[in-house]
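The values are calculated or read from the model by the stated rules, or taken from the named source; none is laboratory data. Since the structure is predicted, the reported quantities are computational estimates derived from the model, not experimental observations. A quick note on method: Cβ atoms are made from the backbone with ideal geometry, for glycine too, and the neighbour counts reach across all protein chains shown.
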Amino acid sequence: MNRKVKNIHQELINACYKNDQKAQFKIYKLYYKAMYNSAYRILNNQMEAEDVMQEAFLDAFRKIQQYDGSATFGAWLKRIVINKSIDALKKNKSFENIDVDEKDFVEEKEEDYLESISYKIEEIRTCIEQLPEAYRIVLSLNLLEGYDHEEVSSIMGISYNATRTKYSRARQKLLALLKQSKLSQTFNLN
């Protein structure tokens with residue numbers, strides 16, 4: 001059963017179905033910052049993120065008839081942005097495929113998670129940018145974009161267990177980077 005969701009900008013979306021450029025521009029203004037941020041978190045490059053975001057909007061407006069209302073327009077658009085971002089990484093051959101085995105999965109300790117809360121947001125953002133791309137993407141899709149492991153595995157084209165393992169390793173590496181950052185600040189190593 002395909003349920004329609006209620007969109008707060010349904011009138012603009014309806015106008016986009018009719019190729020109304022003013023409505024398209026208004027939709028762009030409403031969503032471009034969030035879509036840029038999603039692309040940037042995956043690509044880690046401002047210019048590429050801008051290009052991907054622009055292409056995603058163009059594709060969305062060209063393929064607006066495919067939007068069936070089963071998700072919010074923003075979620076539908078974000079999925080286009082994420083797919084285009086990952087495609088851009090693959091095209092540039094910078095997409096790292098880190099091999100993982102199910103036996104490598106390490107369950108996180110609660111104290112590691114609680115310790116991570118004490119770090120500042122800017123430190124976390126900077127350290128996330130330093131992660132290998134496969135780790136950064138899994139972490140961003142899960143923590144920042146709100147996708148669950150099953151959705152992330154589908155988006156990235158990897159197994160569910162690989163997604164969980166990469167997520168776990170990404171968190172461990174992120175915590176190590178944060179601890180290193182905190183140490184260097186304590187001893188003025190920067």
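Results, tabulated for the structure shown:
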quantity	calculated
Wholly enclosed helices (runs of 4 or more DSSP H) of segment 1-62 bearing at least 2 residues buried (at least 17 other Cβ atoms within 10 Å of the Cβ) and within 20 Å of the chain's Cα centre (by Cα)	21-43, 46-62
In segment 127-186, the residues that are within 21 Å of Lys90 (Cα to Cα) and in contact with a Cys (Cβ under 9 Å, 6 or more places away or on another chain)	none
Tally of residues being surrounded by 11 or more Cβ atoms within 10 Å (Cβ to Cβ) and modelled with pLDDT under 70 across segment 89-147	17
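Condition check ((1) modelled with pLDDT of 90 or more; (2) of a type in the set (Lys, Arg)) across all residues:
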position	(1), (2)
Asn2	no, no
His9	no, no
Lys22	yes, yes
Ile27	yes, no
Lys33	yes, yes
Arg41	no, yes
Gln46	yes, no
Glu50	yes, no
Met53	yes, no
